[in-house]
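Laboratory data are not the source of any read-out in this text; all were calculated from the coordinates shown. Just so it is clear, the model here is predicted, and its values are computed rather than measured. Here the Cβ positions follow ideal geometry from the backbone for every residue, glycine too, while neighbour counts run over all protein chains shown.
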Amino acid sequence: GISKSKITRHFTSAIEYNNNYDIEVEIITPKGKEKWVRAIGYPVLENNKCIRVRGLFQDISKAKRTETEIKKLLRTTVDQNKRLINFAHIVSHNLRTHSGNLSLLLNLIEEEHPKTTENELFPLLKKASENLNETILNLNEVAQINIALTETYFKVNVHQEIQKHINSISAKAIDAHATINNDVPEDVFLNTIPAYFESIVINLLSNAIKYRRVNVPLTINIFCEQNDDYFILKFEDNGCGIDLELHGDRIFGMYKTFHKNKDARGLGLFLIKNQIEAMQGKIKVDSFVNKGSTFTIFLRK
């Protein structure tokens, strides 16, 4: 069969051309059993001429079965991921349409039938509609994380990119009397998904501003380092800090909040972690209450 002729071809090449071989073939044993083997051979030379071929056959059937199962699982995972992404898009789009219609109807009722709003249940209905809109907005943000495989990576100047995002929240920083130091060297470049990088930087800066200490001037330092595998970006602040003993195991969970701010959604750190992981990176945090936090991001080079 094909396997026998393949082995014969490589064996002949070893004899005639002094070539080594290392191949994987499926064979049928004398008992009629299918088996995968690894055939390794090398010529023994005398006066630069092959006088014999030494080699071995290694049974790799188990490894091949495992490889086949892994490929099958990978195909299944990819297909499931595609279906989940499509489902998330459909659900978020359809829900957004219906919740938008509900908000519009409530606004029309408020304008056309003002007496209706005097009913004590109307404000509750209005608030429930607003909460629904916010939940759907959050769902849509989470759904976007899973499109990383279709996003394009670009080479960006890290200092310039960070500075651009610092400038975009400058009004918040001025209002909070915050000092933001961009200490990333100007000649550092990184391959990244710009939309994700922007989201990560702005979320971390916004969180630092939001959770600053009262009567303590806020300082945020941004710096970087590198190793063989990762570009490492650090965001260091002197804000409220987080009690990691109390919250450490759920700090990056969805809808998890650690301060009493009314506008805390508990979504920012969840999004950051998932966007970083979508780019094959990781994040860790060091934090102490009333001293500040340092978020360290590891991004694949």
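Here are some notes:
- Remark: region 215-222, residue by residue, has Karplus-estimated 3J(HN,Hα) of 6, 10, x, 7, 10, 10, 10, 10 Hz, where x stands for each Gly or Pro and the curve is 6.51 cos²θ - 1.76 cosθ + 1.60 at θ = phi - 60°.
- Checking (1) 34.4, 115; (2) 30.1, 108; (3) 19.9, 63 against Rg and Dmax of the Cα atoms in Å calculated from these atoms, the matching label is (2).
- Note on Lys291, Lys64, Lys155: ascending count of other Cβ atoms within 10 Å places them as Lys155, Lys291, Lys64, the fewest first.
- Neighbour-limited loop hits for GluC sites (Glu not before Pro), region 46-140 (at most 12 other Cβ within 10 Å; DSSP other than H, G, I, E, B): Glu120
- Signed unit charges on C-beta, dipole axis of the chain, positive-most listed residue Asn86, Gln275, Gly292: Asn86
- GNM result for the chain, Cα springs below 10 Å: residue of Leu105, Leu84, Leu204 fluctuating most strongly: Leu105
- Order of Lys82, Lys35 - criterion: other Cβ atoms within 10 Å of each residue's Cβ, fewest first: Lys82, Lys35
- Residues of type lysines that Lys301 reaches as a straight line, Cα spacing below 16 Å, ignoring anything fewer than 8 places off in the same chain: Lys155, Lys234, Lys282
- Summarising the strand pairing of the chain, around 90 percent of its internal DSSP beta bridges are antiparallel.
- Reachable lysines, given that their alpha-carbon falls under 20 Å from the alpha-carbon of Lys71 and they are not under 8 places away in the same chain: Lys35, Lys62, Lys82
- If you plug the beta carbon distance of Asn86 and Glu120 into 1/(1 + (r/R0)^6) with R0 = 30 Å, you get a FRET efficiency near 0.10.
- For the chain, the dipole from Cβ point charges (+1 on Lys and Arg, -1 on Asp and Glu) about the Cα centre works out to 1620 debye, to the nearest 20.
- Simple Cβ-charge dipole of region 1-111, Lys/Arg +1 and Asp/Glu -1, about Cα centre, in debye nearest 20: 760
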